[in-house]
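Asks: This is the structure I have questions about; it appears just below.
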Amino acid sequence: MILAGDVGGTKVHLALYDFKQGALVHLRDERFPAQEYDGLETIVRKFLSGCPQGDIAAACFGVPGPVRQGRLKLTNLPWTLDSQQLSANLEIPHLFLINDLEANGYGVAELKSDQIFTLNEGDRGAVGNRALVSAGTGLGEGVMVWDGRRHIPMASEGGHCDFAARNELEVELLQYLMEKLEGRVSFERVVSGLGIHNIYEFLRDAKKMNESPELRERLKNEDPNAVIGELGDSGQDELCTKMLELFVSAYGAEAGNMALKVLAVGGMYIGGGIAPKILKTMRSGTFMTAFTDKGRLSDLLEKTPVHVILESRCALMGAAAYAEQRAAESSGTSIRAASV
């Protein structure tokens, strides 16, 4: 079996996979609230309790941030992860840490047609680099470089690049956030779970849009981002709808920026947990209008396929595929090939 993990600032999602007929087979998975544990090792031991020692052939964890020489210090958790130490303590011979968007990139190759939703067909026959932009708790970005034979996922921290305002309303939003944050504003402060909160407060406090008593009460007692997304996507609340339009437009613009930077003629993939929950707004045209609004290069973006990843386990699938690939390189024995 292969252990795969998707590590975030709020939750850790773990799964066990096997290979049958050369394809990934999901066995079981479980989510853990990260803040309640002292480290990843503790969570893994709890997840694997009852699993016979030695049954795990390889493991890989997608983690938020740049991994250097197998080590990472998380920004949202007081954890330092070390692949060699984890491998030794958990007695898993092949254990790897990779960036979470890199894991998503490997997962794209494992997706089936019903696990994506296509926003723009584009030129489906085009072959070349792909890009990945994922808004969730933060904003992740990645590249899938075409080497002439296959796509090789590469990590990026592009979500932390400077937010670029494109119209008067976004200029006002930028100025509002510069004052609020006392300095620079990255795209992650606009296109992410953090961004939903920031845009909502901007429209409510700076633009004086009305927050109904019913909405105010729900925001107190429920997950605010979930409530805003639900009411905005359904059009039931004017403030939430406007917030979502502004959010999705900025999302589309940054996805278009990423597509230009890496010449993603092979396709743009929209990951993360937010997009599938606001699919009606994503399909409304706002996202694609911003994505293709690139002046003299608009035609290039219009021909770029754009897909929303619907499968919530994409990063886990990618981590499992990466673990199998690297374990095969190290041992000379392919778990995937052996299952055929």
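The values are calculated or read from the model by the stated rules, or taken from the named source; none is laboratory data. These numbers were taken from a predicted model, which means no experiment stands behind them. In this analysis, Cβ positions are derived from the backbone assuming ideal geometry, glycine residues included, and neighbour counts consider all displayed protein chains. The area values use the complete protein model at the heavy-atom level, side chains included, leaving out ligands, DNA and RNA. Shrake-Rupley method; radii C 1.70, N 1.55, O 1.52, S 1.80 Å.
Asks: For the range 283-313, give me the residue count where each residue is over 23 Å from the mean Cα position of the chain (by Cα) and among the small types (Gly, Ala, Ser).
Replies: Qualifying residue count, the range 283-313: 2.
Asks: Working carefully through the options Ser284, Ser298, find the one that is among the polar types (S, T, N, Q) and either assigned to a helix (DSSP H, G or I) or in contact with a Leu (Cβ under 9 Å, 6 or more places away or on another chain) (or both). Even if it seems obvious, please write down each step before you answer.
Replies: Details: Ser284 fails: either assigned to a helix (DSSP H, G or I) or in contact with a Leu (Cβ under 9 Å, 6 or more places away or on another chain) (or both).
Exactly one of Ser284, Ser298 is among the polar types (S, T, N, Q) and either assigned to a helix (DSSP H, G or I) or in contact with a Leu (Cβ under 9 Å, 6 or more places away or on another chain) (or both), namely Ser298.
Asks: Which numbered condition in (1) part of a strand (DSSP E or B); (2) without any contact (Cβ under 8 Å) to a residue 40 or more places away in the chain is the only one that Glu141 fails?
Replies: Status for Glu141: all satisfied but (2).
Asks: Name the single residue, out of those in the range 193-218 being open to solvent by 20 Å² or more (accessible area, probe 1.4 Å) and closer than 22 Å to Gly9 by Cα, that is modelled with the highest pLDDT.
Replies: Per the stated criteria, the residue is His197.
Asks: Going through the range 299-330 one residue at a time, which ones are basic (Lys, Arg) and either in contact with a Gly (Cβ under 7 Å, 6 or more places away or on another chain) or closer than 25 Å to Ala264 by Cα (or both)?
Replies: Going residue by residue through the range 299-330, those that are basic (Lys, Arg) are 303, 313, 326.
Listed by number, the residues that qualify are Lys303, Arg313.
Asks: Also: If Val190 passes every condition in (1) within 14 Å of Ala135 (Cα to Cα); (2) open to solvent by 40 Å² or more (accessible area, probe 1.4 Å) but one, which one does it miss?
Replies: Of everything listed in (1) within 14 Å of Ala135 (Cα to Cα); (2) open to solvent by 40 Å² or more (accessible area, probe 1.4 Å), Val190 misses just condition (2).
Asks: Moving to a separate point now. Yes or no: Ile152 open to solvent by 50 Å² or more (accessible area, probe 1.4 Å) and within 21 Å of Asp100 (Cβ to Cβ)?
Replies: yes
Asks: Sort through Gly50, Gly62 and tell me the only one that's part of a strand (DSSP E or B) and within 21 Å of Pro93 (Cβ to Cβ). Please lay out each step first, then the result.
Replies: Values: Gly50 fails: part of a strand (DSSP E or B).
So the residue among Gly50, Gly62 that is part of a strand (DSSP E or B) and within 21 Å of Pro93 (Cβ to Cβ) is Gly62.
Asks: Looking at Ala253, Ala264, which one is in a helix (DSSP H, G or I) and buried (at least 16 other Cβ atoms within 10 Å of the Cβ)?
Replies: Of the residues listed, the single one that is in a helix (DSSP H, G or I) and buried (at least 16 other Cβ atoms within 10 Å of the Cβ) is Ala253.
Asks: State all residues of the range 1-47 that are surrounded by 20 or more Cβ atoms within 10 Å (Cβ to Cβ), among the β-branched types (Val, Ile, Thr) and in a loop (DSSP other than H, G, I, E, B); if no residue qualifies, say none.
Replies: Hits for the range 1-47: nothing passes.
Asks: Give me the pairs, please: first residue somewhere in the range 115-138 and among the aromatic types (Phe, Trp, Tyr), second residue anywhere and part of a helix (DSSP H, G or I), beta-carbon distance under 9 Å, and either six or more positions apart or on two chains.
Replies: Partner pairs satisfying both residue conditions: Phe117/Ala275; Phe117/Pro276; Phe117/Leu279; Phe117/Met282.
Asks: Looking for whichever is without any contact (Cβ under 8 Å) to a residue 24 or more places away in the chain and farther than 29 Å from Leu111 by Cα here; the options are Leu231, Leu215, Leu239. Which one fits?
Replies: Result of the check over Leu231, Leu215, Leu239: Leu231.
Asks: Would you please name the residue that is farthest from Ala135 (Cα to Cα), looking only at residues in the range 275-310 that are open to solvent by less than 30 Å² (accessible area, probe 1.4 Å) and without any contact (Cβ under 8 Å) to a residue 12 or more places away in the chain?
Replies: Ser298
Asks: Right, something else. Would you check which residues across the range 162-187 are touching a residue at least 60 places away in the same chain (Cβ under 8 Å) and open to solvent by less than 10 Å² (accessible area, probe 1.4 Å) and list them?
Replies: Selection gives Glu170, Leu173, Phe187.
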